[in-house]
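The values are calculated or read from the model by the stated rules, or taken from the named source; none is laboratory data. From a predicted model like this one, the values you see are computed outputs, not experimental measurements. Accessible surface is based on the protein model in full, side chains and every heavy atom, while ligands, DNA and RNA are left aside. Shrake-Rupley method; radii C 1.70, N 1.55, O 1.52, S 1.80 Å.
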Amino acid sequence: MFNYKRRVLLSFLACTIVICLSQTVAFITYSKSTMHNFICQIGIIYEECPEKAGKIINQLHQYQNIDQSQAYAKGKEAFAAFGYGEEGMNYIKASNTASYYYVSLIFVIIICLTLLGIYTRRPATKVITIIYDLIHNIEYSMNTLPIQLETTITNIPVINELNSQIISLVGQLNHQIELLKRAQADRTVFIENISHQIKTPLTCISLDLELLSNLNTTDKLSVYTDSCYTQIDHIEALINRLLKIGKLESGKINYEFLEHNLLDTINVLCSSLEEKYSTKKITLSYDPDDSYIFSYDIVWLYEALNNIAHNCYLYSYDNQGIELELTKYDSYIKIILRDHGIGISTKDLPNIFDRFYRSDQTKNQEGFGIGLNLAKLVIEGHHGSIFAQSDNRSTQFVIHLPLIIS
């Protein structure tokens, strides 16, 4: 655990303090050395020329007030006259001890900068190590599904943000992987169910044709031919429903939302059901004072309600009918279809809207297992919702349809 910014700041402050202290020490040392040399030189002048020492010291004291360029030129002439060279370099080199302190200061600065680089490089190296470990973990985890990624938590916000984004991305990848697995499983089930649904009527047709070929009289001819036509209708209905579901899921259906009276649509549905299921009556209840006019696609909504009602009729007892209730609210219409029959088990209830799902109770009943799936797609296409409730005596489907399609 480390804080890179804090480390760099502390290192910079430490280096600055060391350089300032070194500069201060060098300045004090140079000042002391200069003062020492100056006093020594005054002592020599006083010893050699005591009568002129006072005047010389006074002139040196007034150094800031004299013409320095003129004094410097005379100094050069004096050095040359006394044999110290044109510039008097021998004397200067012999007396200038401050250069050693500045050279030492340069070495101190170089050492401080080197230590600063080493000190600040360590966390950067650790960051690079963390990134390489993260890359290695990603490469390793990609070989296992679902992806399990281990990340290192640090005090560096940018690294933690990177970890957070990668973990989020891994979560999305795992979700997509799970969806692909489900799609693969659904495709397998789809193929198995289609094979079963088509194989059964084809077997019946094959058997009827075999019986027809061995038939010596025409007494039972119509029986076998009618059976063949029935099975062909069965296959055709299955294919049509599959085509409808395919169009709904692919978004190729453009619903025609026009204003219709839902009560009229329901009455047509009830008449059709009573004609088909004469032994099972349907009871319709609604508030006659309410208006059930709103925008919906009459063809597709009729298809959905017909599938749900057909399911209710199919699994209700012969001496029991089904109930249909309409209730108008401010923003939506609630439709309830209720049967009185075998019910749906708690285990099967969450899956009844899945395509081709057939519970153990209904496997011997007619049907494809796709009617409720189609109904759910249509209702959701109307921005509505549907759910089922059941016990061991009845099942009811509750539908909510918004009055305004956004």
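Straight-line cross-link reach from K32 at under 19 Å between alpha-carbon atoms covers these lysines, not counting any fewer than eight positions away in the same chain: K93. Net length available on complete extension from K199 to S33 is 48.6 nm, with 0.36 nm assigned per residue and the Cα-Cα distance removed. Take the stretch 248-344 with all the other protein chains still there, run a 1.4 Å probe, and you get 52 Å² of accessible area per residue.
How big is the gap, in Å, between the Cα center of the stretch 328-347 and the Cα center of the stretch 27-59? Spelled out, the Cα-based centre of one part sits 115 Å from the other.
Cross-link pairs exceeding 27 Å between alpha carbons, from the set K220/K281; K220/K280; K276/K376; K181/K376: K220/K281; K220/K280. Estimated at 0.36 nm per residue, the fully extended path between N160 and N254 surpasses their Cα-Cα distance by 29.2 nm.
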